[in-house]
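The values are calculated or read from the model by the stated rules, or taken from the named source; none is laboratory data. These numbers were taken from a predicted model, which means no experiment stands behind them. Don't worry about glycine lacking a Cβ; one is built from the backbone with ideal geometry, like all the others, and counts go over all protein chains shown.
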Amino acid sequence: EKVEVMKALGAKVKLCPASVPADHPDSYLARAAELAGEVPGAVLVDPALSDAGPKAQAESAGKEIFDQLEGKLDILVVPMESGTTVTGLGRYLKERIPGLKVIGAEPEGSIFRDFVKLGRVGKPGTTLVEGAGAERIPGTLDASVLDEVIQVSDPDALRAARKLARQEGILTGGAGGLAVAAALEAGADLPEGARVLALLPDTGLYYVSRIYNEAWMQANQILGGTADRTLFDVLSSKKDDPGALVSITPDEPLAEAIARMKRSTISQLPVLTREGTPVGSLWEAMVIDILVQGKDTHAITVREVMAEPFPIMEMETPVTEAIRQFGPRVPAILVRRRDGAYAIITKHDLLQGLTA
């Protein structure tokens, strides 16, 4: 997508291998310098060598962040590449917010963590994350603003980007996913009410054929079966309305529960109080056993025959974890939605969701 956009603007695009070091004659740095000397009137722009970059970040994004958050921020997470953003924001915000922790995020294979932590530059590797990471230390980087650098694997970064799109409606690139993954790690042990800000540097529209393409993700071994599927994905794939939960209250007659199961063509029914709290469950095998015994279902309340409530899980729960909840007496699970209501997932729903 990036190549096509540049071509649409009339530019000639030269592609360079990503696996060569910065001093290699085929690196993008060497080729850019070479072309700058060949093309009449050409100017080589390198943000990693310009002090104007950090100043611009401080005066624009730095001021905006400070004003909008009213100076209340505990951790700032910035994906690192040229060093301009983390340097500019780090200087500006640390001067104004006591105790602020600035964390750089980079993909595995980048060299910032070793440089900040050990004072040396290791051997760079390759990454599928565009817009983050480096194979050289940029001249604009002020490492003193960094409290820590977190490395994130390609699968974790790209899956985080996809999850952000599905669950929050924010379409970002791999560097944005990298920042979110690092922010979740950095903020894992913070107390309630703490504030963590992750910067998302670009749009996901440039990566539709890559990050948001199932075939590409599978070919690069980022997706594998249910590896990154959550219950949110399963609910999203249901053909019926995932919010339309059919339930029964404990004091209603069993006959009404049977009628609802028949009417909705379902084989299990959660039992909820009138306030919406799960207190029990019914499913077809239980009901069939009662009918075979010839009992009067109009004279029996749901409370008298109901089993334990279905397990309750969150939308972010991985499918691999949810699968373990099912058993002979657990034909379904309840998923707590963000509005506090519940949705239901059965084994059939899992089958549909994992093969969609």
Exercise. Kindly indicate whether Val86 is in the same structural domain as Gln151 (by TED's automatic domain parsing), assigned to a helix (DSSP H, G or I) and touching a residue at least 12 places away in the same chain (Cβ under 8 Å).
Key: yes
Quiz item: Residues in the range 102-124 that are in a strand (DSSP E or B) and either touching a Lys or Arg at 6+ places or on another chain (Cβ under 9 Å) or among the aliphatic types (A, V, I, L, M) (or both): how many?
Solution: 5
Exercise. Please state which of the following conditions Ala188 fails to meet, knowing it meets all the rest: (1) over 18 Å from the mean Cα position of the chain (by Cα); (2) assigned to a loop (DSSP other than H, G, I, E, B).
Key: (1)
Quiz prompt | helices (runs of 4 or more DSSP H) within the range 287-356 that include 1 or more residues of a type in the set (Lys, Arg) | solution = 302-305, 347-354
Quiz item: Taking the range 65-117 as the search range and keeping residues that are β-branched (Val, Ile, Thr) and in contact with a Pro (Cβ under 8 Å, 6 or more places away or on another chain), which one is farthest from Glu130 (Cα to Cα)?
Solution: Thr87
Quiz item: Which residues, counting only those in the range 152-166, are modelled with pLDDT of 90 or more, in contact with a Ser or Thr (Cβ under 8 Å, 6 or more places away or on another chain) and surrounded by fewer than 22 Cβ atoms within 10 Å (Cβ to Cβ)?
Solution: Asp154, Leu164, Ala165
Exercise. Go through the range 197-212 residue by residue and tally those that are of a type in the set (D, E, K, R) and closer than 27 Å to Phe66 by Cβ.
Key: 1
Quiz item: Inside the range 167-182, can you point out the residues that are surrounded by fewer than 22 Cβ atoms within 10 Å (Cβ to Cβ) and either assigned to a helix (DSSP H, G or I) or touching a residue at least 12 places away in the same chain (Cβ under 8 Å) (or both)?
Solution: Gln167, Glu168, Ile170, Leu171
Quiz prompt | Subset of the range 256-275 (residues that are farther than 21 Å from Asp349 by Cβ, touching a residue at least 12 places away in the same chain (Cβ under 8 Å) and part of a loop (DSSP other than H, G, I, E, B)) | solution = Thr273, Arg274
Self-check item: Criterion: farther than 21 Å from Leu200 by Cβ and hydrophobic (A, V, I, L, M, F, W, C) - qualifying residue of Ala11, Ala48, Ala56
Solution: Ala11
Quiz item: Tell me, which residue of the range 318-332 that is β-branched (Val, Ile, Thr) and either within 19 Å of Trp283 (Cβ to Cβ) or surrounded by fewer than 18 Cβ atoms within 10 Å (Cβ to Cβ) (or both) is modelled with the lowest pLDDT?
Solution: Thr320
